[in-house]
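Q: Input: one structure, supplied below.
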Amino acid sequence: MFRVKICGMRTEDDVILCSAAGADALGFIFASSPARLDVTVAAHIARQAPAAVERVGVFAEQDRALICDAIERVELDVLQFCGGESAEFRGSFGLPTIVVVGVGRQGARSALPAPASLAMARACAILIDSHHGAVLGGTGMRIDT
């Protein structure tokens, strides 16, 4: 089954447009990125999402306090971790997670996690994302299939 998640919500209009276009989930980025949001701003714009559209918090090496604050104030449904967080850390928030598998140039990719690791992380999906240099994802670069 394929689901559509559109990342990089920055404004109320982004949320409204993507929801109306049929997105199953919207990504609110808290990781270091040009699309990074403050929790207060994310909480405000996320209110525009219909109840049926999942709110995904995207993190990379953030501390527990920030993640907990975002879960509560943005009312996140799913967490996506793009950094080197352990499966135990990812699963410790009580929410489903999206596990990112990075694919670089010439098809080099990080290893698929073992089933036990996916269970510990509370994985509900695997996202294949392009990595380019030090950028962990969201590059807009195609990957070789």
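Q: Compute the length gained on full extension between SER86 and GLU12: take 0.36 nm times their separation in residues and subtract their Cα-Cα distance, giving the result in nm to one decimal.
A: Taking SER86 through GLU12 to full extension adds about 23.4 nm, to one decimal.
Q: Please compute the contact order of segment 24-63 in relative form: average sequence separation of alpha-carbon pairs under 8 Å and at least six residues apart, divided by the residue count, as a percent.
A: 58 percent
Q: How about segment 1-33: which trypsin sites (Lys or Arg not before Pro) there lie in a loop by DSSP and see at most 11 other Cβ atoms within 10 Å?
A: Within segment 1-33, the qualifying trypsin sites (Lys or Arg not before Pro) (loop, at most 11 other Cβ atoms within 10 Å) are ARG3.
Q: A further question follows. Taking 8 Å as the Cα distance limit and 6 or more residues as the minimum spacing, I'd like the relative contact order of segment 14-90 as a percentage.
A: That works out to 30 percent.
Q: A further question follows. Mind checking the full-extension length gain between ASP24 and ALA116? Use 0.36 nm per residue of separation minus the Cα-Cα distance, one decimal, nm.
A: Residue separation times 0.36 nm, minus the Cα-Cα distance, leaves 30.4 nm.
Bear in mind these aren't lab numbers, they're just calculated from the coordinates by the rules spelled out. Computed from a predicted structure; not experimentally measured. All Cβ positions, even for glycine, are placed from backbone atoms using ideal geometry, and neighbour counts span all protein chains on display.
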